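One structure is given here, and the rest of the page talks about it.
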Amino acid sequence: MTELRRRNALRLLGGGMALLAGCSESSNGNGDDTEDSDETGESNQSDGSDETNSIDGDLPPYASILPTNERPEYFYGAIDVGTMNALLDDEGAEAGQEPSDPLVGNPVVVALLCSFGIQQLVDSAGRDAYTENNETADGEEQFVYADGVYALVGSYDRDGLETDLEAASYAVESEGEAYVVYTDGESGEVVGVSDGVYAYSYPNGTDSEFDPVAAVERTVATAAGDQEPKHEADEGFDRLLRVGENSGIACCLYTDSDEFDAETLSADQAADDDGLQFEFGSVEGSYGVHQQLAVTGSDATANAVVAYGSEDRVDEARLESSLGTEAERVDFVTNGSRVELEAEYGGEFARE
């Protein structure tokens, strides 16, 4: 497994959060978890699973912004502002051990990925527009990365955003009744706004097929209800979101195929020059994994759900040998064609 540098991730996260806190009081959370959405419903995915896999749970509050796309693989990461502040307040972060346990390491990469996005926002020409028109209640804003787009999910004055972005020389690229997409000719940044989302992205120099305008428009159009969200279009994805825990830091890797291909599991979903990357090798043979990490001071609790196409594909031995290796306690429960696990980490999570 590539070395995960937790201390670097938290230092960068802290720098990004400090900058964001300086430009927007409304983005300073109080450390409370955001309440889950009250949306419920049963899934009827036909994947060979038995009745024990039926799910009647809550979706995360940002599920309505996760767009569909044409790729078989799907990844998103999310972090709430309360968790960002908890990590900032962790005085032992600089001395923390670099985790080899993917239950900790993968969410840490999400934190780093989001910190990059926050810093891009702070450095953008649209920073003041976002700051002045953010009406999100204290602690309720979510930061989500999905489909190549960074998105802040909360409550925003869309009319004010449009006025201020245009004053900052952003040009209208496309629009619907409830959203507008802009481009900044100087930086290439694409910004989409609606009443509940401030989304942005940039051209990807390593992926010529990525269209940031189309990706941002998918995000805000989905948030506005003009396009079908991923969870409504794909029952398997819906099931994974409903059974997973979603407070703190969450991430989900999913494929609409029967199982992940080797290239998907070996590819870096995100990386930096220090070699920090995700590690999903333990979920070989499955079609989806949802992880969550909640941090409280120097302690943490991690949850994960790994979903397989059928019971005979479940590989609990592989999971037990790779996940929860740094935990004080870890429990594995096989429930039909999925494995659910919970791990607890003590003071060594933050300190050597």
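The values are calculated or read from the model by the stated rules, or taken from the named source; none is laboratory data. Because the structure is a prediction, the values reported are computed rather than measured. FYI the Cβ positions are ideal-geometry reconstructions off the backbone, even for glycines, and counts take in every protein chain you see. Side chains included, ligands, DNA and RNA excluded: accessible areas come from the protein's heavy atoms. Shrake-Rupley method; radii C 1.70, N 1.55, O 1.52, S 1.80 Å.
Quick one: would you say Val295 is modelled with pLDDT of 95 or more, crowded, with 21+ Cβ neighbours inside 10 Å and under 23 Å from the mean Cα position of the chain (by Cα)? Spelling it out, it is not the case that Val295 is modelled with pLDDT of 95 or more, crowded, with 21+ Cβ neighbours inside 10 Å and under 23 Å from the mean Cα position of the chain (by Cα). Looking at Ala215, Ala223, just one residue is over 15 Å from Val305 (Cβ atoms) and either in contact with a Lys or Arg (Cβ under 7 Å, 6 or more places away or on another chain) or crowded, with 24+ Cβ neighbours inside 10 Å (or both), and that residue is Ala223.
Would you say Asp90 is surrounded by fewer than 24 Cβ atoms within 10 Å (Cβ to Cβ), modelled with pLDDT of 95 or more and either out of contact with any Cys (no Cβ under 8 Å at 6 or more places or on another chain) or not in a helix (DSSP H, G or I) (or both)? Don't jump to the end; show me each part of the working.
On the way: surrounded by fewer than 24 Cβ atoms within 10 Å (Cβ to Cβ): yes; modelled with pLDDT of 95 or more: no; either out of contact with any Cys (no Cβ under 8 Å at 6 or more places or on another chain) or not in a helix (DSSP H, G or I) (or both): yes.
Criteria not met by Asp90.
Go through the range 291-305 and report how many residues are in a strand (DSSP E or B) and either in contact with an Asp or Glu (Cβ under 8 Å, 6 or more places away or on another chain) or without any contact (Cβ under 8 Å) to a residue 12 or more places away in the chain (or both). If you could, list the steps in order and put the result at the bottom.
Step one: list which residues in the range 291-305 are in a strand (DSSP E or B), which gives 291-296, 299-305.
Okay, now just the ones that are also either in contact with an Asp or Glu (Cβ under 8 Å, 6 or more places away or on another chain) or without any contact (Cβ under 8 Å) to a residue 12 or more places away in the chain (or both), so 292, 294-295, 299-305.
Count: 10.
Across the range 335-352, the qualifying residues are those that are open to solvent by 20 Å² or more (accessible area, probe 1.4 Å) and farther than 16 Å from Ala317 by Cα, and the one among them that is modelled with the highest pLDDT is Glu344.
In the range 99-140, of all residues being at pLDDT below 90 and charged (D, E, K, R), the one that is nearest to Ser247 (Cα to Cα) corresponds to Glu140.
Collect the residues in the range 311-334 that are open to solvent by less than 40 Å² (accessible area, probe 1.4 Å) and either over 14 Å from Val289 (Cβ atoms) or not in a helix (DSSP H, G or I) (or both), keeping them in residue-number order. Answer for the range 311-334, where residues must be open to solvent by less than 40 Å² (accessible area, probe 1.4 Å) and either over 14 Å from Val289 (Cβ atoms) or not in a helix (DSSP H, G or I) (or both): Val314, Leu323, Gly324, Ala327.
For the structure I just gave you, tell me whether Phe210 is assigned to a loop (DSSP other than H, G, I, E, B) and either open to solvent by 30 Å² or more (accessible area, probe 1.4 Å) or touching a residue at least 12 places away in the same chain (Cβ under 8 Å) (or both). Please lay out each step first, then the result.
Details: assigned to a loop (DSSP other than H, G, I, E, B): yes; either open to solvent by 30 Å² or more (accessible area, probe 1.4 Å) or touching a residue at least 12 places away in the same chain (Cβ under 8 Å) (or both): yes.
Spelling it out, Phe210 is indeed assigned to a loop (DSSP other than H, G, I, E, B) and either open to solvent by 30 Å² or more (accessible area, probe 1.4 Å) or touching a residue at least 12 places away in the same chain (Cβ under 8 Å) (or both).
crowded, with 16+ Cβ neighbours inside 10 Å and within 30 Å of Thr334 (Cβ to Cβ), is that true of Ser247? So Ser247 fits the description; yes.
Here's the yes/no breakdown for (1) under 23 Å from the mean Cα position of the chain (by Cα); (2) of a type in the set (S, T, N, Q):
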residue	(1), (2)
Asp128	no, no
Gly148	yes, no
Ser155	yes, yes
Glu175	no, no
Thr183	no, yes
